């Protein structure tokens with residue numbers, strides 16, 4: 001009986017040691033994205049860039065429509081019609097180039113902002129984990145169950161929005 005008790009005690013000690021070495025936490029990334037002022041600022045910056053390009057494109061489209069309407073005028077000579085047609089062709093080319101440029105720059109800007117945000121969040125998570133001696137941090141959204149005590153989302157949000 002004493003041997004069984006020693007084995008049981010040894011097993012319980014081993015299990016207790018394992019449970020202490022498995023310190024982990026989770027971060028609700030959806031909440032971070034939804035509530036962070038830092039991320040909202042980055043999204044606003046991207047939105048402003050998008051609006052700037054939309055305005056430029058709309059201006060060129062209006063100019064193009066006006067040129068096309070003036071081309072339909074019966075008062076224009078053949079030479080004037082040819083000139084307008086070339087202007088239209090040139091403006092359509094400018095418009096296509098502007099759309100490609102806008103899409104390219106916005107994609108690049110979005111990728112830069114996402115990387116900046118991701119890097120900052122990772123740095124904060126690592127820093128928080130080291131301070132609290134946490135060995136692993138998971139996304140709360142990928143866990144089926146977690147005790148709210150291991151959720152460090154609010155700490156990450158607070159640090160991110162400093």
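The values are calculated or read from the model by the stated rules, or taken from the named source; none is laboratory data. In this text, all values refer to a predicted model and were calculated from it rather than measured experimentally. Because the Cβ atoms are built from the backbone with ideal geometry, glycine has one as well, and the counts that use them run over all protein chains shown.
Looking at the stretch 139-162 only, could you name the residues that are surrounded by 14 or more Cβ atoms within 10 Å (Cβ to Cβ) and farther than 20 Å from residue 40 by Cβ?
Scanning the stretch 139-162 gives 140, 146, 150, 151, 152.
Only residues that are closer than 18 Å to residue 31 by Cα, over 14 Å from the mean Cα position of the chain (by Cα) and surrounded by 15 or more Cβ atoms within 10 Å (Cβ to Cβ): list them for the stretch 94-129, please.
124, 125, 128
Residue 108 versus (1) modelled with pLDDT of 95 or more; (2) touching a strand residue (DSSP E or B) at 6+ places or on another chain (Cβ under 9 Å); (3) under 25 Å from residue 48 (Cα atoms): which is the lone unmet condition?
Among (1) modelled with pLDDT of 95 or more; (2) touching a strand residue (DSSP E or B) at 6+ places or on another chain (Cβ under 9 Å); (3) under 25 Å from residue 48 (Cα atoms), the lone unmet condition for residue 108 is (2).
Residue under question is residue 120, and the condition is that it be touching a residue at least 60 places away in the same chain (Cβ under 8 Å) and in contact with a helix residue (DSSP H, G or I) (Cβ under 9 Å, 6 or more places away or on another chain); does it hold?
Details: touching a residue at least 60 places away in the same chain (Cβ under 8 Å): yes; in contact with a helix residue (DSSP H, G or I) (Cβ under 9 Å, 6 or more places away or on another chain): yes.
So residue 120 fits the description; yes.
Could you count how many residues in the stretch 137-162 are touching a helix residue (DSSP H, G or I) at 6+ places or on another chain (Cβ under 7 Å) and either without any contact (Cβ under 8 Å) to a residue 12 or more places away in the chain or part of a loop (DSSP other than H, G, I, E, B) (or both)?
3
Assess whether residue 78 counts as being at pLDDT below 95, exposed (fewer than 14 other Cβ atoms within 10 Å of the Cβ) and either farther than 28 Å from residue 35 by Cα or touching a helix residue (DSSP H, G or I) at 6+ places or on another chain (Cβ under 9 Å) (or both). Step through it out loud before you land on a result.
Numbers: at pLDDT below 95: yes; exposed (fewer than 14 other Cβ atoms within 10 Å of the Cβ): yes; either farther than 28 Å from residue 35 by Cα or touching a helix residue (DSSP H, G or I) at 6+ places or on another chain (Cβ under 9 Å) (or both): yes.
Considered against the rule, which asks whether it is at pLDDT below 95, exposed (fewer than 14 other Cβ atoms within 10 Å of the Cβ) and either farther than 28 Å from residue 35 by Cα or touching a helix residue (DSSP H, G or I) at 6+ places or on another chain (Cβ under 9 Å) (or both), residue 78 comes out as yes.
Does the stretch 32-45 include one or more residues that are surrounded by 12 or more Cβ atoms within 10 Å (Cβ to Cβ) and not in a helix (DSSP H, G or I)?
Yes, the stretch 32-45 contains at least one residue that is surrounded by 12 or more Cβ atoms within 10 Å (Cβ to Cβ) and not in a helix (DSSP H, G or I).
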